[in-house]
Amino acid sequence: MEMTVQLYNENGAAWDAYVASRQDSTNYHRYGWRKVIENSFGHRTLYLTAKNSNNEICGVLPYVHMKSVIFGNFLVSLPFLNYGGLLCTEGSTETLLLDSSRKMLEGTGADHIELRHLKKYNDVIETKQHKVTMILELRENEEDQWKSLDAKVRNQVRKAEKNGLRAVSGSLDLLDGFYEVFSKNMRDLGTPVYDKSFFRNTLEEFPNSTEIILVKQDKRTIAAALLTWYKETLEVPWASSVRDARELCPNNLLYWEAIRFAIGKKACKFDFGRSTPGEGTYCFKKQWGAKPVQLYWQYLLREGAEMPELSPHNPKYRLAVQTWQHLPLLLTNFLGPHIVRCIP
């Protein structure tokens with residue numbers, strides 16, 4: 001059956017129906033993220049569909065076009081998020097979407113296209129395997145999940161409770177508390193922070209599949225996470241804690257409450273989010289029993305172009321990171337969103 005690739009600019013119903021029909025679809029293939037990214041960052045989005053002669057969708061590929069003087073001109077599927085990329089049956093549909101992507105690369109003048117995949121497509125594409133996501137298989141009930149945890153993890157959760165920490169959950173009503181902790185932690189890491197509107201837009205676009213959890217010490221918020229879920233998986237893509245309260249173990253209480261919430265939602269998998277193997281966050285997630293799942297960041301490059309390296313670990317950004325860590329929080333919260341909108 002003959003297929004064609006088209007730019008999709010409809011209301012999203014057919015797109016989401018196709019995404020829902022695919023076992024390998026992810027949260028970030030949902031059409032609502034297009035609106036979130038456009039409204040939060042102002043980027044142009046290019047959503048491709050492969051359709052058969054009956055006008056039925058056979059594959060999708062969402063893109064965000066990012067362009068700046070400092071960081072370059074490129075397309076990503078999807079920036080700011082952990083997944084995206086091709087969603088289609090391997091074979092002719094995959095080839096057709098990739099061929100159309102190469103034409104788009106030339107048409108936009110971009111240096112490269114980045115596809116964030118959970119599986120490796122097409123061996124001719126340049127691939128990085130520097131990141132994993134950490135997945136915990138959930139038990140059917142909270143009691144069994146608690147018993148399955150390492151004794152050290154259970155003790156740290158108990159320590160947080162003995163220290164008088166408590167968890168509260170909500171949505172937009174807790175956004176200010178979440179952002180206060182998140183923005184401070186990003187500054188301390190030397191990373192520009194997203195504008196608060198990104199998280200507000202996410203909560204508003206997905207009111208039935210997002211939640212905020214805060215950990216409180218009296219009235220002070222010392223840890224926070226934004227949860228999002230789709231199908232059988234609940235993910236924590238954004239979580240932070242206050243450094244001067246780490247000895248109270250707020251992170252342990254935060255993640256235990258998130259796991260309890262996931263079990264209550266009948267989730268089968270808990271996604272701790274992406275990590276670099278061997279680093280601190282990787283080890284923290286591993287102690288909960290989470291297993292690494294390889295991520296494949298794949299690239300289509302213009303002739304003569306090299307794979308990008310926009311990581312804060314890149315030596316050329318070291319001075320900028322160190323300087324950022326010492327700037328006042330009010331200044332980093334003002335400048336950060338203008339910078340990070342062009343960093344995928």
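Out of (1) in a helix (DSSP H, G or I); (2) hydrophobic (A, V, I, L, M, F, W, C); (3) farther than 25 Å from Ile213 by Cβ, the odd one out for Leu300 is which?
Condition (1) is where Leu300 drops out.
Can you pull out every residue in segment 11-23 that is out of contact with any strand residue (DSSP E or B) (no Cβ under 7 Å at 6 or more places or on another chain), outside any helix (DSSP H, G or I) and either surrounded by 11 or more Cβ atoms within 10 Å (Cβ to Cβ) or of a type in the set (A, V, I, L, M) (or both)?
Gly12
Contact list please: Cβ distance under 7 Å, first residue in segment 36-51 and outside the structural domain of Lys196 (by TED's automatic domain parsing), second residue at pLDDT 95 or above and of a type in the set (Lys, Arg), pairs at least six apart or on different chains.
Thr45/Arg34; Tyr47/Arg34
(1) assigned to a strand (DSSP E or B); (2) at pLDDT 95 or above: which one isn't true of Gly289, the others all being true?
The single condition Gly289 does not satisfy is (1).
Among the listed residues Leu98, Leu105, Leu61, identify the single one that is more than 21 Å from Val236 (Cα to Cα) and either in the same structural domain as Arg274 (by TED's automatic domain parsing) or part of a strand (DSSP E or B) (or both).
One residue alone meets the criteria, Leu61.
Take the residues of segment 103-143 that are under 22 Å from the mean Cα position of the chain (by Cα) and of a type in the set (S, T, N, Q): which is nearest to Ser25 (Cα to Cα)?
That would be Thr133.
So how many residues does segment 156-169 have that are surrounded by 13 or more Cβ atoms within 10 Å (Cβ to Cβ) and either at positive phi or not in a strand (DSSP E or B) (or both)? If you could, list the steps in order and put the result at the bottom.
Kept after step one, since they are surrounded by 13 or more Cβ atoms within 10 Å (Cβ to Cβ), are these residues of segment 156-169: 156-161, 163, 165-169.
From what's left, either at positive phi or not in a strand (DSSP E or B) (or both): 156-161, 163.
So the count comes out to 7.
Could you give every pair whose Cβ atoms fall below 9 Å, whose first residue belongs to segment 318-335 and is closer than 22 Å to Tyr179 by Cα and in contact (Cβ under 8 Å) with a residue 60 or more places away in the chain, and whose second residue is part of a loop (DSSP other than H, G, I, E, B) and hydroxyl-bearing (Ser, Thr, Tyr), counting only separations of at least 6 or pairs across chains?
Every condition considered, the pairs that remain are Val321/Thr191; Trp324/Thr191.
Before we move on, is Val64 modelled with pLDDT of 95 or more, out of contact with any helix residue (DSSP H, G or I) (no Cβ under 9 Å at 6 or more places or on another chain) and surrounded by 21 or more Cβ atoms within 10 Å (Cβ to Cβ)?
When the stated conditions are applied, Val64 does not pass them.
Search segment 256-284 for residues being among the basic types (Lys, Arg) and either closer than 15 Å to Thr133 by Cβ or in a helix (DSSP H, G or I) (or both), and hand back the single one that is modelled with the lowest pLDDT. Before you say what the answer is, go through the steps one by one.
Initial filter on segment 256-284 (among the basic types (Lys, Arg)): 260, 265-266, 269, 274.
With either closer than 15 Å to Thr133 by Cβ or in a helix (DSSP H, G or I) (or both) added as a condition, the list becomes 260, 269, 274.
Values: Arg260: 97, Lys269: 98, Arg274: 93.
In this case the residue turns out to be Arg274.
If you scan segment 328-342, which residues turn out to be surrounded by 17 or more Cβ atoms within 10 Å (Cβ to Cβ) and not in a helix (DSSP H, G or I)? Outline the logic, then answer.
Keep residues of segment 328-342 that are surrounded by 17 or more Cβ atoms within 10 Å (Cβ to Cβ), which gives 332-333, 336-337, 339-342.
Residues satisfying the conditions are Arg341, Cys342.
Report whether or not Glu2 is surrounded by fewer than 20 Cβ atoms within 10 Å (Cβ to Cβ), free of Cβ contacts under 8 Å to residues at least 60 places away in the same chain and over 25 Å from Tyr230 (Cα atoms).
For Glu2, the condition - surrounded by fewer than 20 Cβ atoms within 10 Å (Cβ to Cβ), free of Cβ contacts under 8 Å to residues at least 60 places away in the same chain and over 25 Å from Tyr230 (Cα atoms) - is met.
If Ser197 passes every condition in (1) under 24 Å from Gly32 (Cα atoms); (2) of a type in the set (Gly, Ala, Ser); (3) not in a helix (DSSP H, G or I) but one, which one does it miss?
Here Ser197 clears every test but (3).
Inspect all residues belonging to segment 114-134 and state whether any of them is at negative phi, out of contact with any helix residue (DSSP H, G or I) (no Cβ under 7 Å at 6 or more places or on another chain) and assigned to a helix (DSSP H, G or I).
no
Six or more apart or on different chains, Cβ atoms under 7 Å: show the pairs whose first residue is in segment 282-297 and within 18 Å of Trp238 (Cα to Cα) and whose second is in a helix (DSSP H, G or I) and at pLDDT 95 or above.
Close Cβ pairs (under 7 Å, with a partner that is in a helix (DSSP H, G or I) and at pLDDT 95 or above) amount to Trp288/Val153; Trp288/Tyr255.
Being assigned to a helix (DSSP H, G or I), touching a strand residue (DSSP E or B) at 6+ places or on another chain (Cβ under 9 Å) and not hydroxyl-bearing (Ser, Thr, Tyr) is the filter; apply it to segment 24-34 and report the residue that is surrounded by the most Cβ atoms within 10 Å (Cβ to Cβ).
Among them, the one singled out is His29.
Specify the residue that is surrounded by the most Cβ atoms within 10 Å (Cβ to Cβ); the eligible residues are those in segment 215-228 that are in a strand (DSSP E or B) and either touching an Asp or Glu at 6+ places or on another chain (Cβ under 7 Å) or of a type outside the set (A, V, I, L, M, F, W, C) (or both).
The qualifying residue surrounded by the most Cβ atoms within 10 Å (Cβ to Cβ) is Leu227.
The values are calculated or read from the model by the stated rules, or taken from the named source; none is laboratory data. Given the structure is predicted, the values throughout are model-derived calculations rather than measurements. As a convention, Cβ positions derive from the backbone with ideal geometry for all residues, glycine included, and neighbour counts pool all protein chains shown.
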